[in-house]
Amino acid sequence: MMFRQLIAAAFVAATTLPVPAIAAEGDDCAAIGTAQQDERLLEGKRFTVRVTGKEGGRDVVLIPGLSTPRDVWDDTVEQLAGCYRLHVVQLAGFGDEARENVEGPVIDPFLAQLASYIEHVIIGKDGGKKPMVIGHSFGGLTAMRLALKHPALIESAMVVDSLPFFGAFYGPAVTAENIEPQAAAIRKMILSGPAKRPNDGTLQAMSITDAGREKVAAWALTADPKVMGQVFYEVMTTDIRPALPGNTVPITMLYPIDQNGAFPAAAIEAVYTGSFAKAKNVRLMRIDDSRHFIMLDQPDEFLGAVKAFLAAE
């Protein structure tokens with residue numbers, strides 16, 4: 001499981017916005033009857049997609065983080081399925097068979113196939129509109145890379161606790177090049193045995209609650225070590241900061257601050273804001289009393305932010 005030092009930060013906007021209130025009860029998509037829902041599982045070489053929700057509703061793509069299956073979005077799906085057509089992605093190897101991710105690079109092929117899925121299955125469907133994309137951690141980095149590389153394919157993106165360069169947490173002198181030996185060593189360690197339960201220090205960084213930490217621990221045990229190790233390595237050696245000034249897709253980024261965390265809150269916030277100091281079309285939203293899995297720690301605030309994001313199309 002990714003250490004808190006690598007995932008405690010996320011990308012930045014010029015201003016920090018308050019988290020909006022949850023939509024009124026009458027507007028709650030979960031309250032809409034499920035008779036309109038359509039559900040199926042689409043299997044690909046690099047990932048699978050569970051398509052669920054309202055047939056004909058606005059398309060929303062949900063991407064989990066490192067070693068995390070699509071289950072992380074269960075509560076979100078339950079709340080949105082009455083209004084939206086949801087495409088819940090799961091990287092092969094994170095909760096199921098590794099398929100073609102078992103060897104070689106993972107992220108670039110995954111990104112290419114996800115872009116193809118969006119173009120041909122979502123947009124190509126009856127002249128469909130561009131989807132909105134929500135990604136957590138590694139999934140957030142994927143959402144940003146989609147925005148930068150394929151801006152014509154997505155309407156907007158929400159990123160949940162991620163960074164354009166995860167190594168930034170280690171200091172301004174760290175680069176993708178000089179962190180490569182450390183990333184390679186951690187990849188080797190992950191590959192050295194079967195999936196393991198994350199240690200207590202790592203789990204403490206993931207969630208503020210015992211229940212949240214147990215969920216994260218259970219998910220980590222379902223991850224294929226080969227896929228986890230390779231994705232970890234690729235994330236750590238990826239730096240998209242130079243491309244962010246050219247971003248044209250609206251991005252909302254949620255980041256957590258935990259006053260009782262292992263690192264000073266001001267220092268953590270500085271990493272988030274500094275990482276996106278030159279980014280365009282990015283707005284930052286802070287969630288207090290939360291750690292990495294915001295959807296587990298502050299579900300009401302998280303859902304309110306998601307609903308506001310989707311309503312702002």
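Of all DSSP bridge pairs formed entirely within the chain, close to 30 percent run antiparallel. For Glu55 and Ala173, a Förster radius of 51 Å and the Cβ-Cβ distance give a FRET efficiency of 0.50, rounded to the nearest 0.05. Assuming a ≥ b ≥ c are the square roots of the Cα gyration tensor eigenvalues, decide whether the stretch 263-307 counts as rounded (a/c under 1.5), prolate (otherwise, with a/b larger than b/c) or oblate. Judged from the Cα gyration tensor, the stretch 263-307 comes out oblate (a/c at least 1.5, b/c at or above a/b). For the chain, the fraction of 1.4 Å probe accessible surface lying on carbon and sulfur atoms is 53 percent.
Distant-in-sequence amide contacts of Leu66, defined by a placed amide H-H separation under 5 Å and a gap of 5 or more residues or a different chain, comprise Phe138, Gly139. Here is how the number arises for the chain: DSSP H runs of 4 or more residues each give -39500 (n - 2.57), the sum is divided by the residue count, and the result at 222 nm is -9500 deg cm²/dmol. Take the Cα radius of gyration of the stretch 142-284 and divide it by 2.2 N^0.38 Å, N being the number of residues; the result is 1.12.
Around the Cα centre of the chain, unit charges on the Cβ atoms of Lys, Arg, Asp and Glu (plus for the first two, minus for the last two) sum to a dipole of about 820 debye. For the chain, modelled as a GNM with alpha-carbon contacts under 10 angstrom, which of Ala279, Ala205, Ala185 fluctuates the most? Of Ala279, Ala205, Ala185, the most mobile in the Gaussian network model is Ala185. Here the relative contact order of the chain, from alpha carbon pairs under 8 Å that lie six or more residues apart, stands at 27 percent. Across Pro225, Pro164, Pro264, mean-square fluctuation computed from a Gaussian network of the chain (C-alpha pairs under 10 Å connected) peaks at Pro264. Annotation for Ala270 and Asn199: the two label points, set 7 Å from Cα along the Cα-Cβ direction, are 2.7 nm apart. Could you tell me the relative contact order of the stretch 49-145? Use alpha-carbon pairs under 8 Å, at least six residues apart, and round to a whole percent. The normalised contact order for the stretch 49-145 reaches 37 percent. Count Lys and Arg as plus one, Asp and Glu as minus one, and take only other residues whose Cβ is under 12 Å from that of Phe47; the net charge is then +1. Working from label points 7 Å from Cα in the Cα-to-Cβ sense, the Glu180 to Glu43 distance is 3.7 nm. Ligands, DNA and RNA are left out, and with a 1.4 angstrom probe the accessible area of the stretch 186-313 is 44 Å² per residue.
Each residue of the stretch 67-159 gets 104 Å³ once the volume of the Cα convex hull is shared out per residue. The stretch 178-235 and the stretch 251-285 have Cα centres spaced 22 Å apart.
Taking the inverse of the mean reciprocal distance over all distinct Cα pairs, the Kirkwood hydrodynamic radius of the chain comes to 19.3 Å. Summing charges over neighbours of Glu234, with a neighbour being any other residue whose Cβ is under 12 Å away from its Cβ, gives -1 when K and R count +1 and D and E count -1. Candidate cross-link partners of Lys129 among the aspartates and glutamates, defined by an alpha-carbon separation under 14 Å and a same-chain spacing of 8 or more, comprise Glu55, Asp59, Glu119, Glu155, Glu313.
With θ taken as phi - 60° and the Karplus curve 6.51 cos²θ - 1.76 cosθ + 1.60 applied, the whole-hertz 3J(HN,Hα) list for the stretch 215-225 is 4, 4, 4, 5, 5, 4, 6, 8, 7, 6, x Hz, x standing for glycine and proline. Shape analysis of the stretch 58-214 places it in the prolate category; the axes a ≥ b ≥ c from the Cα gyration tensor give an a/c of at least 1.5, with a/b above b/c. Each of Gly140, Thr202, Ile118 was scored by the projection of its Cα onto the charge dipole of the stretch 79-227, and the greatest displacement toward the positive side belongs to Ile118; charges sit on the C-beta of Lys, Arg, Asp and Glu.
Overall shape: oblate for the stretch 207-307, with the ratio a/c of the largest to smallest alpha carbon gyration tensor axis at 1.5 or above and b/c at least equal to a/b.
In this structure Leu41 has an accessible area near 90 Å², from a 1.4 Å probe over the protein heavy atoms.
The values are calculated or read from the model by the stated rules, or taken from the named source; none is laboratory data. These numbers were taken from a predicted model, which means no experiment stands behind them. Backbone-built Cβ (ideal geometry, glycine too); neighbour counts: all protein chains shown. In case anyone asks, the SASA skips ligands and DNA or RNA and just uses the protein heavy atoms, side chains included. Shrake-Rupley method; radii C 1.70, N 1.55, O 1.52, S 1.80 Å.
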